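Reading through the structure tokens given below for one structure.
The values are calculated or read from the model by the stated rules, or taken from the named source; none is laboratory data. No experiment lies behind these values; they were computed from the predicted model shown. Note: ideal-geometry Cβ built from the backbone for every residue, glycine included; neighbour counts use all protein chains shown. Only protein heavy atoms, including side chains, enter the accessible area calculation; ligands, DNA and RNA are left aside. Shrake-Rupley method; radii C 1.70, N 1.55, O 1.52, S 1.80 Å.
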Amino acid sequence: MRPIFDADWRARALRGDTAAVQMMADDLLGPLYRFCLYRVGRNRHLCEEVVQETLVRALRDLDHYDPPRANNNIFPWITGLARNEIHRVLNRERASVSLETLWAKMDRELLGLYARLDSEPFADEVLLREETRELVNATMSQLPPHYREALEAKYVTGKSVRDLADLWRTTEKAVESQLTRARKAFRATFLALTQNLGAELP
């Protein structure tokens, strides 16, 4: 079951509650690293810097975090901070400005794609490309954590819908709904990356 980053959690974190701060670090460190890695050209040193600075800034600016009522999902707010840090390091490096331009375009497209979760099918020539595995990794790194975790649990670790319902303390119908949205989000992201970044990913 995912941690809840609601107003109560924010109040505890702002008071300096160690457990609340640790919960944020534990939940966000991996997804944030994966989100940033491709955006800095897979430079692990720059990625670590961005992640560290993003988490520091999140703690510093936590009073600006307004927990969404629907799902208490802090990840969109964190990735917004991360984009600012990525902009800073890429400007400093000067060598990867084209990457930033590409990802800015991608962000605009992905927001629209996630909003309508396009169901356009994959073309055979896309699935047969040599860089498909790299594009799959890049796609998974950009998905919201709850979509990525659902897909990994079902298709990587092989858990059944019933297993996931028990694990997440919810109904099988809710799990099926989550998996459907996750598959649509993956398809939309994969197609967008294929069209925009295929040539940039080695």
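Data for the structure
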read-out: With DNA, RNA and ligands ignored, accessible area of HIS87 (1.4 Å probe; Å², nearest 10); value: 90 Å²
read-out: Within-15-Å neighbourhood charge of HIS45 [Cβ basis; K, R +1; D, E -1]; value: 0
read-out: Efficiency of FRET from Cβ geometry, ASN73 and LEU14, R₀ 22 Å, rounded to 0.05; value: 0.70
read-out: Cα-projected label distance for ASP61 with LEU167, points at 7 Å along beta-carbon direction, nm; value: 3.3 nm
read-out: Sparsely packed trypsin sites (Lys or Arg not before Pro) within segment 1-86, loop by DSSP, other Cβ within 10 Å at most 11; value: ARG15, ARG69
read-out: Summed side-chain charge close to ALA20 - residues other than ALA20 whose Cβ falls under 12 Å, Lys, Arg +1, Asp, Glu -1; value: -2
